[in-house]
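Below is one structure, written out as structure tokens; the observations come after it.
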Amino acid sequence: MNAPYNIHRRSMLAFGAASLFGGQVFAQRAPAGSLTQGRLVVVFLRGAYDGLSALVPYTDQDYYAIRPSIAVAAPDGTRETALKLDDRFALHPALGALMPLWQEGSLGVIASAGLPVPNRSHFDAQYLMEIGLQEKSNAPMGWLNKLAASSTGSALGVGEANPAILSGQTVVKLIPRGDAAARTGVLANAKQRSALMDLYAGNDAVSQAFRQGASSRMQTSQELMNERNMRTANANAEMVGMAQASPSQQRRMLDKDGTPQTTAAQQAQMQAASNGAADPVGLALDAQHLATLMRNDPQLRLGFLSAGGWDTHANQGNATGQLANNLGNLARGLAQLRSEFDRPGDLIIVMSEFGRTAAENGTKGTDHGFGNALWLIGNRVMGGKVHGQWTGLARGNLNENRDLPAHHDYRAVLAQALRSTFKLPDSQLQTLLPGSTWDQRLDGLFRQI
């Protein structure tokens, strides 16, 4: 493992190159993977999506009693009712694009998973889930970065500038979201490119890092442009950043439970909870870019995407509305991912920092909760089934009489996924997810191949 000094220096070189290319570039690649099976893509829904609307417990009468305005109607075959999955659960109608995956047995759900201890701060909960620990660390490394360091393969992130899940000592590749991923910044101008290459023509470490970064950026741009020319896809606009440019302290002020009084404050709170992730409207295009680059480079075995806009404190809607629109875009993005990641060892994990309150609030939305539905897509998933413990929504069965419990530590789900996808031994799982334990109740999550 590299010394901290070299890590820091390498990061600074990458940052310098990124400022010239118009996007963040990490030119150096993780060591070549020694394993031959499996690719993993993690999709993080920032802002805490409402799993009780996505996975509807339609036979639970408490669901309709405590959600009089926002509950999704039980399935009856009409357009604005849930889509029946089994005798307990149904799918939100906006997620209809995922129904074929359920029917073919490649989509499975853990109904009630989450952090081992409740944490209703978006930023803290996201951070903990991304580093795989139960509490904060002074020297954090994202668990996906640690996985890349374990010779599983190189990692690629699309969209966010510096997600915690990819932070650490192993260099990863990051590209912007949407159309910006195919741009090369000043390198597009032949004269400027030639001048820069002449300037950094030496054999010193800075020059070598610059040339590697420039080559990586040009190659990425060319690959994505080639793919775009082969497809007929709608352009997806990049989400405009937060309306109020907020430093960390200001964002923390917005990271609170409950509904703000004004529409502007509600929008600012939503954007803060998204923590840098874009609206899911562009997820399908980002999924396409991720798939193109991972297909072209067999060493890219780990991928990361995110989508924000899930902090629905007010006017959440039911079968239609704000949340339904987001779920529809999510479904299209996941369907795109599945069409690209359909090899026997491929796996897609969809997770969020926590769920929402079981009951709706006074502004026809939901507040910060605890347990949530976690989704798995892949050929090895024991799909067409809702997994894990479920105790219903009666008040006495809720966490603090308000939230869906997290019956399963999300790290136990990850352990099952990593064991199935990469055949990791217990010792390596403990390195990636310190303090977690194997949950035998989830042993049926994956097919034994």
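The values are calculated or read from the model by the stated rules, or taken from the named source; none is laboratory data. All figures in this text were calculated on a predicted structure; none of them were measured in a lab. When we count neighbours, we look across all protein chains shown, and the Cβ atoms used for this are built from the backbone with ideal geometry, even at glycine.
Observations on the structure shown:
- Screening the range 341-392 for strands (runs of 3 or more DSSP E) wholly inside it with 2 or more residues that are surrounded by 20 or more Cβ atoms within 10 Å (Cβ to Cβ) and not charged (D, E, K, R) returns the ranges 346-352, 372-377.
- Residues in the range 372-397 that are under 23 Å from ASP62 (Cβ atoms) and either of a type in the set (S, T, N, Q) or not assigned by TED's automatic domain parsing to the domain that holds LEU40 (or both): ASN372, GLN389, THR391, ASN397.
- Counted residues, the range 424-449 - those being more than 24 Å from the chain's Cα centre (by Cα), among the polar types (S, T, N, Q) and more than 23 Å from TRP102 (Cβ to Cβ): 2
- Within the range 18-72, being over 30 Å from SER420 (Cβ atoms), of a type in the set (Val, Ile, Thr) and modelled with pLDDT under 95 holds for one residue alone: VAL25.
- Some residue of the range 340-351 being touching a Lys or Arg at 6+ places or on another chain (Cβ under 9 Å), at pLDDT below 95 and small (Gly, Ala, Ser): yes
- The residue that is surrounded by the fewest Cβ atoms within 10 Å (Cβ to Cβ), among those in the range 393-408 that are closer than 21 Å to ARG441 by Cβ and touching a strand residue (DSSP E or B) at 6+ places or on another chain (Cβ under 8 Å), is HIS407.
- Summed over the range 393-435, residues that are part of a helix (DSSP H, G or I), touching a Pro at 6+ places or on another chain (Cβ under 8 Å) and touching a residue at least 60 places away in the same chain (Cβ under 8 Å) total 1.
- ARG380 vs. criteria in contact with a strand residue (DSSP E or B) (Cβ under 9 Å, 6 or more places away or on another chain) and over 22 Å from LEU95 (Cα atoms): no
- Listing of helices (runs of 4 or more DSSP H) fully contained in the range 33-125 that carry 1 or more residues being surrounded by fewer than 21 Cβ atoms within 10 Å (Cβ to Cβ) and not hydrophobic (A, V, I, L, M, F, W, C): 61-66, 99-104
- Filter result for the condition that a residue is assigned to a loop (DSSP other than H, G, I, E, B), at pLDDT 70 or above and either hydroxyl-bearing (Ser, Thr, Tyr) or outside the structural domain of SER427 (by TED's automatic domain parsing) (or both), over ASN203, ASN162: ASN203
- Of the residues ARG301, ARG332, the single one that is crowded, with 22+ Cβ neighbours inside 10 Å and outside any loop (DSSP other than H, G, I, E, B) is ARG301.
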